[in-house]
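Please read the structure below before turning to the comments.
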Amino acid sequence: MDKNLRILIVDDFSTMRRIVKNLLGDLGFTNTAEADDGKTAWPMLQAGGFDFVVTDWNMPGMTGIDLLKAIRGDDKLKGLPVLMVTAEAQRDQIIEAAKAGVNGYIIKPFTAATLKEKLDKIFARFEQAA
Amino acid sequence: MAAVVVSINARAADREPPAIPDRAEYIDRLRDILSALEADDQSLFEARLNQLVRAREEGLFVNLAKLTRELHQAVKDLNFDEKLQQLAGNEIPDACVRLDYVVKLGEDAAHKTLDVCDDSRGLLNRLNGCVDSLDGIREKLPSVAALPIKGLTLANEIERVEGAMREIGAALKVSFSTVAQAQEYQDLSGQVIRRVIALVHNIEGALIKLLKATNEGVKAPAPTVAVASGELAGPTVPGLASGGQSQQDADALLAELGF
């Protein structure tokens, strides 16, 4: 997998953005950018250049699920892989995210191993599809 | 509490006769209405019927107003107004400020720790550089046999690397202390949260008293209100039946859905 993938990390808590950024860095992905909610992320995604999105669900402004739906509804972005990393653990929400087209779902608190496992799975699928 | 219930009932006994018509009055009024209808006197029929309806409604309103006043008085008698006012006016806003502070304490500590992690990564890179330097020195060792003076140069190099490693070690020691110290927020935030928990218990107690005073009694707790649509459940808390899924549950669910 291409370690130079450009990844957008979307979370309203700056500490969580730093943690995800560090974990991604440990896995070799150092080309990252950050946004504090969907509203901030959207113009960044529109500007192009991102290959992957890691997003929280519950954020003020624009939530992660709305961001995911916006991505899937956008001709340019609809194929972008989205990994949801969230404390929302209700069955209905997981189903909602799946229906909206999420590529992976991680429940906080999570470990580095879980993040790696989900990333590997998503990349394997994309490589299979390619 | 019993005294309050009694006082409400005692007042009920003193109450003036309700303005709602009694049985005999109903019979009289209904007879009037019926004879007006039988006599085909439409306007009299309407007028009498309206009078009866109005008398009944006014009676209900009078009683309702009376009950409201009595309830208010009963609550006042118990100083609930003051207690609730204090809770709602001071202690709850205070609790919000305290909880905001807890959030800030936790956030500051996390940033401090993450800063140290970032710095320590730099130290780790320098340490790796030292290992590489030592590898380089080892490779030069055979040359010492041919030219003993080189041994001195290598000894100097080793001393330089040693110095660098000691410096890194000292910096790491500071890092560990900083991380350990950053955890002190837990003590402060724990104390603040405990105070807020105590406040929540006080509010719970005051509300239960209020329920009892209003003669409603405390019924079996209502089932947990389902999360309103659009409102998120937030993190799963151990010990609370929130229906939160574990990562394994989530994986299994997604697998079922074809992921």
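The values are calculated or read from the model by the stated rules, or taken from the named source; none is laboratory data. What you see is a predicted model, and the numbers here were worked out from it, not measured in a lab. So basically every Cβ, Gly included, is an ideal-geometry build from the backbone, and we count neighbours across all protein chains shown.
Any chance segment B:175-186 includes a residue that's polar (S, T, N, Q), in contact with a helix residue (DSSP H, G or I) (Cβ under 6 Å, 6 or more places away or on another chain) and part of a helix (DSSP H, G or I)? Among the residues of segment B:175-186, at least one is polar (S, T, N, Q), in contact with a helix residue (DSSP H, G or I) (Cβ under 6 Å, 6 or more places away or on another chain) and part of a helix (DSSP H, G or I), which makes the answer yes. Filtered by the rule that a residue be under 18 Å from B:Leu253 (Cα atoms) and not in a helix (DSSP H, G or I), segment A:103-128 gives A:Asn103, A:Gly104, A:Tyr105, A:Ile106, A:Ile107, A:Lys108, A:Phe110.
If only residues of segment A:109-130 that are basic (Lys, Arg) and touching a residue at least 24 places away in the same chain (Cβ under 8 Å) are counted, the one that is surrounded by the most Cβ atoms within 10 Å (Cβ to Cβ) is A:Lys118. With respect to the conditions (1) farther than 23 Å from B:Ala213 by Cβ; (2) exposed (fewer than 15 other Cβ atoms within 10 Å of the Cβ); (3) in contact (Cβ under 8 Å) with a residue 60 or more places away in the chain, B:Pro93 falls short on a single one, namely (3). Picking from residues in segment A:1-28 that are under 15 Å from the mean Cα position of the chain (by Cα), modelled with pLDDT under 95 and part of a loop (DSSP other than H, G, I, E, B), the one that is nearest to the other protein chains (Cβ to nearest Cβ) is A:Phe13.
Comparison of A:Ala130, A:Ala100 shows that the only residue that is more than 14 Å from A:Ile9 (Cβ to Cβ), within 14 Å of chain B (Cβ to nearest Cβ) and more than 11 Å from the chain's Cα centre (by Cα) is A:Ala100. When A:Ala87, A:Ala35 are checked against the criterion of being surrounded by 15 or more Cβ atoms within 10 Å (Cβ to Cβ), within 11 Å of chain B (Cβ to nearest Cβ) and not aromatic (Phe, Trp, Tyr), a single residue qualifies: A:Ala87.
Quick one: would you say B:Arg98 is away from chain A (no Cβ under 14 Å), closer than 30 Å to B:Gly190 by Cα and surrounded by 14 or more Cβ atoms within 10 Å (Cβ to Cβ)?
So B:Arg98 passes the test.
Each residue in segment A:80-102 was checked for being of a type in the set (Gly, Ala, Ser), assigned to a loop (DSSP other than H, G, I, E, B) and closer than 20 Å to B:Gly243 by Cβ, and 2 of them qualify.
Rundown of residues vs (1) surrounded by 12 or more Cβ atoms within 10 Å (Cβ to Cβ); (2) part of a helix (DSSP H, G or I); (3) of a type in the set (D, E, K, R), yes/no style:
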residue: B:Leu123; (1), (2), (3): yes, yes, no
residue: B:Gly129; (1), (2), (3): yes, yes, no
residue: B:Asp135; (1), (2), (3): no, yes, yes
residue: B:Glu157; (1), (2), (3): yes, yes, yes
residue: B:Val161; (1), (2), (3): yes, yes, no
residue: B:Lys173; (1), (2), (3): no, yes, yes
residue: B:Leu188; (1), (2), (3): yes, yes, no
residue: B:Ile193; (1), (2), (3): yes, yes, no
residue: B:Leu199; (1), (2), (3): yes, yes, no
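Here B:Ala24 fulfils each of the conditions (1) of a type in the set (A, V, I, L, M, F, W, C); (2) surrounded by 14 or more Cβ atoms within 10 Å (Cβ to Cβ); (3) assigned to a helix (DSSP H, G or I); (4) not assigned by TED's automatic domain parsing to the domain that holds B:Ala164 apart from (2).
In the set B:Ile168, B:Ile208, only one residue is under 29 Å from B:Val116 (Cβ atoms) and surrounded by 11 or more Cβ atoms within 10 Å (Cβ to Cβ); that residue is B:Ile168. Within segment A:103-117, the set of residues being more than 9 Å from every other protein chain (Cβ to nearest Cβ) and either closer than 22 Å to A:Trp42 by Cβ or under 12 Å from the mean Cα position of the chain (by Cα) (or both) comprises just one member, A:Leu115. Checked against (1) at the interface with another protein chain (Cβ under 9 Å from one of its Cβ atoms); (2) under 22 Å from B:Ala233 (Cβ atoms); (3) of a type outside the set (Ser, Thr, Tyr), A:Gly61 passes all but condition (1).
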